[in-house]
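The values are calculated or read from the model by the stated rules, or taken from the named source; none is laboratory data. Just so it is clear, the model here is predicted, and its values are computed rather than measured. We place every Cβ from the backbone using ideal geometry, glycine too, and count neighbours over all the protein chains shown.
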């Protein structure tokens with residue numbers, strides 16, 4: 001009985017040890033798990049804002065037909081216009097479109113190709129439109145001017161009324177037969193010659209330097225004049241040559257007229273220089289009267305060849321030019337600013353490149369040497 005009780009006790013103890021983790025000296029106590037603190041999350045960086053683009057710069061192109069605004073188109077700086085934005089402006093009934101220009105006289109150097117023109121600012125463009133139903137031009141067109149080199153232009157004498165009708169014909173532009181209202185003239189021109197194109201031997205619609213749609217400025221220069229604009233300025237010849245001048249007109253739209261000059265080569269004829277003599281006289285006219293109608297005669301200097309002089313009291317800015325007469329008849333030879341070459345004389349003048357212009361009010365002595373076709377100026 002005692003033996004059974006002992007066995008029971010031992011079984012209970014074994015079971016207890018098993019449940020309580022007891023055992024021999026090799027038993028390892030179970031360790032409680034170590035709690036690892038959670039990592040602190042890194043803050044999410046704020047996204048970098050995209051750079052703000054500057055608004056595109058926009059420019060306006062204004063399209064004109066003469067003084068009429070056809071419309072406008074806009075485009076961004078550095079870009080070319082969308083062709084669709086101006087295509088309608090090029091389609092004018094009964095007209096052929098010839099191109100866009102920055103000058104209303106369609107100077108070739110101002111032509112703009114809108115297919116490649118990158119916009120850099122606002123711009124106004126003038127359309128050249130050829131009238132397909134142009135009216136006949138019944139006017140007679142002439143080249144008139146002056147020559148100090150013995151050129152034929154001296155005979156035109158700036159459309160002097162004394163030039164008879166028969167003599168005017170050598171200066172008349174003739175129909176070419178190539179196009180409606182196209183006339184031309186071919187003649188020798190010399191360095192120092194000056195000219196303009198006029199109709200009917202009158203000055204109510206002159207065409208000067210600025211009216212040329214094609215002109216080589218190594219051969220011709222703007223000579224200034226009384227009209228106040230480039231379109232009425234004299235054309236100064238700076239290269240001898242044989243030239244052809246071609247004019248195409250539209251009587252109902254003068255802005256569409258085209259005027260070109262082309263050098264064909266060297267002069268065909270040698271210039272016939274004027275030979276001054278006892279019959280030579282010199283006259284001066286100027287802006288001291290509005291219409292330049294007051295002619296004053298210079299006094300011949302005795303014993304000094306063909307030298308003439310005059311003393312004048314003039315206001316600042318007064319313009320004047322000197323004219324050569326022979327036997328009382330105007331030869332067409334005119335001496336102007338370009339004939340004043342010495343430094344002392346030039347110091348008293350404003351360099352206009354056209355007429356002689358005094359810089360300040362005062363008394364002046366003008367001396368003309370008809371042998372050298374030169375002018376000197378001194379203070380009186």
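When you look at residue 126, is it in a strand (DSSP E or B) and under 30 Å from residue 331 (Cβ atoms), yes or no? No; evaluated as a whole, the condition is false for this residue.
Here residue 236 meets the list (1) assigned to a loop (DSSP other than H, G, I, E, B); (2) closer than 28 Å to residue 306 by Cα; (3) in the same structural domain as residue 154 (by TED's automatic domain parsing) almost entirely, failing just condition (1). All told, residue 210 falls short of being in the same structural domain as residue 253 (by TED's automatic domain parsing), modelled with pLDDT under 95 and assigned to a loop (DSSP other than H, G, I, E, B).
Taking residue 150, is it assigned by TED's automatic domain parsing to the domain that holds residue 242, in a strand (DSSP E or B) and under 30 Å from residue 373 (Cβ atoms)? Considered against the rule, which asks whether it is assigned by TED's automatic domain parsing to the domain that holds residue 242, in a strand (DSSP E or B) and under 30 Å from residue 373 (Cβ atoms), residue 150 comes out as no. Go through region 188-210 and give me each residue that's more than 25 Å from residue 357 (Cα to Cα) and crowded, with 19+ Cβ neighbours inside 10 Å. Result: 188, 189, 198, 199. The residue list 155, 127, 145, 150 contains one member that is surrounded by 13 or more Cβ atoms within 10 Å (Cβ to Cβ), in contact with a helix residue (DSSP H, G or I) (Cβ under 8 Å, 6 or more places away or on another chain) and over 26 Å from residue 255 (Cα atoms), which is 155. Would a scan of region 78-93 turn up a residue that is assigned by TED's automatic domain parsing to the domain that holds residue 126, under 25 Å from residue 211 (Cα atoms) and in a strand (DSSP E or B)? No.
Please specify each residue of region 293-344 satisfying the condition of being over 31 Å from the mean Cα position of the chain (by Cα), at positive phi and either part of a loop (DSSP other than H, G, I, E, B) or in the same structural domain as residue 203 (by TED's automatic domain parsing) (or both).
Scanning region 293-344 gives 303, 305, 327, 328.
Between 171, 106, the distinction of being modelled with pLDDT of 95 or more, closer than 27 Å to residue 256 by Cα and buried (at least 20 other Cβ atoms within 10 Å of the Cβ) belongs to 171 only.
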